[in-house]
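Report on one structure; see the data block that follows.
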Amino acid sequence: MREIFRPDGGTALHLGVLIVLFALQFALSDYHHINIARIMVLACFAMGYNIAFGYTGLLSLGHAMFFGAGLYGAGLAAQFAAVSGPGAFVIGLAAAVALTVLAGAVALRTAGVSFMIVTLMFAQAAYLTIYYFGEFTRGDEGFVYPDAMRTLFGLELIEPTVRYTVAFGLFAICLIASFAVARSGLGRIFVAVRENEDRARMLGYDVYRMKLLALTISGAMAGAAGAAYGLLFGYVGASFANIEYSIYPLLWVLMGGAGVVLGPLLGTLAMFYLVDVTSGFTTAYLLVVGAALIALILFFPKGVLGTVREKLGARGARWLP
């Protein structure tokens, strides 16, 4: 642990980001206050995706089912079993982890494009399952999270300050976990698997087990984000489990920098406000988003922070693991 969190530029940078995000709540307007809280939760989703894709090379199109499992696991527990905050969150997290292990055990028997297609099929099956049990899930209409269940140790999550603090707490845990993985021996094994599976296997690593572990960590973060989203923002709906929410974390990670701990945060923040600002001027805001992505590919082929790290060389690798 001392090696991972050694006092250097990388540790200082990530700690500085956490300090800034915590302090922002005292300066933001009400509109941006809720936006940043939402961005931090979604960034946790993206950080989970980054563990699978950015560090281990698993291009998944099924992460919406893990987010949805956390969302519905917590939401249905609150709606039908009157389980409040912490209990609902744990149920949502457990549902996401269980689904990740089951789906991953099957999907990881394939690779490359086949893995991408299988994860997409699993996600669509999960999405259709939500519709099949529409009597309980309410499908696209969704349902409002019971306010009485949106509590955490006596604190009401509908309160802006409490909501922001909880979102920040979840983000801090995910960021620290991602930072620890990136700097640990486990993170180096994930990168070795991403770069050359055959060589990693030759060195004695169980590639299948490493991939399943990476996917499980990824699914746990996605599920935690989903469970927290329902608790903090009070809505559970099938739209969060469709293919769109499998594409979003991929775009956020690519924009910020795949395989960089802070990449998902930057990508989520940039994409969220790009859509938010441009949609206020034109209904063709997706055209602007598309143009931004093309510019990103041309000028930042490894994402913003990924390209910065490459330009800085060895120094960049220390600051941006």
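The values are calculated or read from the model by the stated rules, or taken from the named source; none is laboratory data. Everything quoted here is computed from the prediction, not taken from an experiment. Cβ sites come from the backbone with ideal geometry, for glycine too, and all protein chains shown count toward neighbours. Heads up: the accessible areas ignore ligands, DNA and RNA and are worked out on the full protein's heavy atoms, side chains in. Shrake-Rupley method; radii C 1.70, N 1.55, O 1.52, S 1.80 Å.
Most tightly packed first, judged by the mean number of other beta-carbon atoms within 10 Å of their residues, the peptides 252-265, 277-290, 151-164 read 252-265, 151-164, 277-290.
Stretching the chain fully between Tyr208 and Glu141 yields a gain of 20.2 nm (0.36 nm per residue, less the alpha carbon separation). Packing here is the average count of other Cβ atoms within 10 Å per residue, and on that basis the peptides 266-273, 102-109, 197-204, highest first, run 266-273, 102-109, 197-204. The largest accessible area among Val193, Val275 belongs to the first residue in Val275, Val193, and the rest follow in falling order (1.4 Å probe, all chains). Here the Karplus relation 6.51 cos²θ - 1.76 cosθ + 1.60, evaluated at θ = phi - 60°, turns the backbone of the range 256-263 into coupling constants of x, x, 5, x, 10, 4, 7, x Hz, with x for every Gly and Pro. The alpha carbons of the range 259-321 occupy a box of 43, 21, 13 Å along the principal axes, longest dimension given first. Each label point was placed 7 Å from the Cα along the Cα-to-Cβ direction; for Val162 and Leu15 their separation is 3.1 nm.
Put simply, the range 1-69 fits an ellipsoid with semi-axes of 25, 23, 8 Å; these come from the alpha carbon gyration tensor as the roots of five times its eigenvalues, largest first.
For the options Ala96, Ala148, Ala224, a Gaussian network treatment of the chain with springs between C-alpha atoms closer than 10 Å singles out Ala148 as fluctuating the most.
The distance between label points at Ile117 and Arg201 comes to 2.1 nm (points 7 Å beyond Cα on the Cα→Cβ vector).
Starting from the Cα of Asp8, step 7 Å toward the Cβ, then list every residue of the range 183-218 with an amide N under 20 Å from that point. Taking a point 7 Å out along Cα→Cβ of Asp8, the residues of the range 183-218 whose backbone N falls under 20 Å are 183-192. Model label points for Ser184 and Arg109, set 7 angstrom from Cα along the Cα-to-Cβ axis, are 2.9 nm apart.
Computed log10 I(q)/I(0) for the range 48-102 at 0.16, 0.17, 0.30 Å⁻¹: -0.50, -0.55, -1.08, from the Debye equation with unit scatterers placed on every C-alpha and solvent omitted. In a Gaussian network model over the chain where Cα atoms closer than 10 Å are linked, find which of Asn50, Asn196, Asn242 has the largest mean-square fluctuation. Taking springs between Cα atoms under 10 Å, the residue moving most is Asn196. Scalar couplings 3J(HN,Hα) for the range 276-287, obtained by applying the Karplus form with A = 6.51, B = -1.76, C = 1.60 to θ = phi - 60°, are 4, 6, 5, 5, x, 10, 8, 7, 8, 5, 5, 5 Hz; x denotes Gly and Pro. Here is how the number arises for the chain: DSSP H runs of 4 or more residues each give -39500 (n - 2.57), the sum is divided by the residue count, and the result at 222 nm is -23500 deg cm²/dmol.
Beyond 36 Å, what share of the Cα-Cα pairs of the chain is found? Please give it as a whole percent. So the pairs more than 36 Å apart make up 15 percent of the total in the chain. Per-peptide packing, taken as the mean over residues of other Cβ atoms within 10 Å, places 168-174, 29-35 in the sequence 168-174, 29-35 from highest down. Scalar couplings 3J(HN,Hα) for the range 56-63, obtained by applying the Karplus form with A = 6.51, B = -1.76, C = 1.60 to θ = phi - 60°, are 10, x, 8, 7, 9, 10, x, 5 Hz; x denotes Gly and Pro. Note on Ala27 and Leu128: with the Förster distance fixed at 41 Å, the Cβ-Cβ geometry gives a FRET efficiency of about 0.40.
Throw me the Rg/Rh for the range 125-215, computed over C-alpha atoms with Kirkwood Rh, two decimals. Here the Rg-to-Rh quotient is 1.19.
Close amide-amide hydrogen proximity is noted between Thr151 and Gly85, Leu157, each under 5 Å apart and 5 or more residues distant or on a separate chain (H modeled in the peptide plane; Pro and chain starts excluded).
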